[in-house]
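> Dumping the structure here so I can ask a few things about it.
Just so it is clear, none of the values below were taken in a lab; they were calculated from the coordinates. Predicted model only: the values in this text are computed from it and were never measured. Virtual Cβ from ideal backbone geometry, glycine too; neighbours counted across all protein chains shown.
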Amino acid sequence: MMDATQRLVGQGCGKLILFGEHAVVWGQPAIVAGLPRGATAMVRVTDKAKLTIVNGRTGGVHAEVMPSAIGNGLEQAFQAMLDILELEGPIGVHVTIDVPIGAGLGSSAAMSVAAARALTQFVGKPMATTEVEAIVARTESIFHGNPSGIDQAAALGGGIFQYTRGTPASIEALWVEPVSVVVTETGPAPSTASMVEDVGRFHQAHPQIASRIDELVGEVVADARTALAKGDWSTVGELMNVNHGLLVSMGVSTPGLDRACHIARSAGALGAKLTGAGGGGCMFALAPESPEAVVRALQDAGFDAFEITIP
Ligand code: PMV
């Protein structure tokens with residue numbers, strides 16, 4: 001155990017789903033890139049058990065909660081972390097999140113991985129990957145209902161990989177040349193759990209159409225994997241546009257997401273799509289040659305866009 005002056009730190013990556021969100025919940029493969037930014041957690045002995053989430057982009061406190069098995073998602077997640085590690089007492093966990101929060105960039109998984117890594121050091125098990133994975137699986141199911149596991153895989157590992165749900169999940173690392181993408185938040189997003197439930201209702205209402213859309217997403221992912229490996233950016237961009245259209249047909253896009261995609265494409269992006277659960281949240285555009293022009297066009301239209309290099 002640590003003394004009251006010690007601080008232990010853990011980190012987790014945010015993520016960008018390049019292809020295949022939602023269909024991945026229904027068994028199709030998806031391609032995801034871990035982001036160079038995500039969450040950093042610090043644990044220390046304090047006056048009471050408290051989880052503080054700070055928005056690293058604004059510096060403001062996003063949430064401050066105590067552990068509770070019957071509270072909101074964050075309170076339950078904090079309780080689950082302490083329970084899995086059999087921890088009690090006045091433990092303060094302070095997490096700074098450097099990606100838009102709750103917007104499809106994997107902030108919750110990055111937060112859980114960072115906090116779990118710092119807490120496992122606190123209990124004297126700095127390399128305890130099993131406990132970290134157990135914590136993140138539990139907290140992601142609190143936040144997401146029926147998660148595919150893609151967010152936690154990205155938050156734990158980073159890099160670009162193809163992910164297929166299963167026991168165990170299949171994770172195949174992909175080699176991709178670094179490339180510029182432009183990301184913007186388009187508006188508030190409902191919870192991932194509620195978007196996953198909406199897509200579940202779409203499957204119930206139209207089982208054959210929904211499973212054919214999922215299969216088409218799987219074909220897009222297969223072609224995208226080949227194009228990414230060759231650095232064939234114009235094909236990657238076209239496939240992003242197709243994937244966005246399939247997400248529109250699942251009912252998870254919004255006018256704001258569609259508008260941001262159109263603005264980015266008109267400003268020279270090779271392709272654009274929503275990323276994550278949709279219903280708001282983030283879109284990203286592929287802009288290997290002219291990311292500044294795409295950022296500017298989005299900013300002129302009032303979007304808070306930024307450029308990032310993946311992987
Ligand atoms: O957590 P989000 O908003 O990035 O969404 C995760 C991707 C989904 O496919 C929508 C859900 C899942 O668990 O795979």
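> Can you sort T192, T96 from fewest to most other Cβ atoms within 10 Å of each residue's own Cβ? Show your work: numbers first, answer last.
Numbers: T192 26, T96 19.
Fewest-to-most ranking of T192, T96: T96, T192.
> I've got another one for you. Which log10 I(q)/I(0) values, to two decimals, does segment 1-69 give at q = 0.16 Å⁻¹ under the Debye formula with one point per Cα?
Results for segment 1-69 at q = 0.16 Å⁻¹ read -0.80.
> Explain nothing, just the number: relative contact order of segment 164-277, from Cα pairs under 8 Å at least 6 residues apart, as a whole percent. Can you show the working numbers first?
Details: 78 pairs, mean separation 31.6, N = 114.
Worked out over segment 164-277, it gives 28 percent.
> Could you name the aspartates and glutamates in cross-link range of K48, using Cα to Cα under 19 Å and dropping any fewer than eight places away on the same chain?
The qualifying aspartates and glutamates are D3, E64, E75, D83, E86, E88.
> Okay, next question. Modelled label-to-label distance, Q299 and A137, 7 Å Cα→beta-carbon offset: nm?
Between Q299 and A137, the simple spin-label model gives 4.4 nm.
> Bin all alpha-carbon pair distances of segment 118-159 at 5 Å intervals from 0 and give each bin's fraction as a whole percent.
6, 22, 28, 22, 16, 6, 0
> Now a separate question. State the dimensionless ratio Rg/Rh of the chain (Rg: radius of gyration of Cα atoms; Rh: Kirkwood radius).
On the way: Rg = 19.2 Å, Rh = 19.6 Å.
In the chain, Rg relative to Rh is 0.98.
> Could you give the distance between the Cα centres of segment 274-304 and segment 104-138, to the whole Å?
Their Cα centres are 30 Å away from one another.
> Using alpha-carbon pairs under 8 Å, 6+ residues apart, how would you state the relative contact order of the chain in percent?
Working: 726 pairs, mean separation 67.5, N = 311.
Relative CO of the chain lands at 22 percent.
> Checking the a/c ratio against 1.5 first, then a/b against b/c, what shape does the Cα gyration tensor give for segment 208-293? Write out the running numbers ahead of the final one.
On the way: a/c = 2.55, a/b = 1.16, b/c = 2.21.
Cα axes put segment 208-293 in the oblate bin.
> Okay, moving on. Using 7 Å Cα-to-Cβ label points, what is the T226/D258 separation (nm, one decimal)?
3.1 nm
> Here's something else I'd like to know. With Cβ to Cβ distances under 12 Å as the rule, what net charge do the other residues near V199 carry (K, R +1; D, E -1)? Before the final figure, lay out each step's value.
On the way: positive: R201; negative: E21, E197, D198, D214.
Result for the local shell: -3.
> Only Cα pairs within less than 10 Å get springs; with that Gaussian network setup on the chain, which residue of P168, P67, P288 has the largest fluctuation?
Result for the chain, Cα springs under 10 Å: P168 fluctuates most.
> Can you put F19, F122 in order of Cβ neighbours within 10 angstrom, beginning with the fewest?
F122, F19
> Taking the Cα centre of segment 162-311 as origin, sum charge times position over the Cβ atoms of Lys and Arg (+1) and Asp and Glu (-1), and report the length of that vector in debye to the nearest 20.
Working: 9 positive and 17 negative charges, 50 e Å.
Taking the Cα centre of segment 162-311 as origin, the dipole is about 240 debye.
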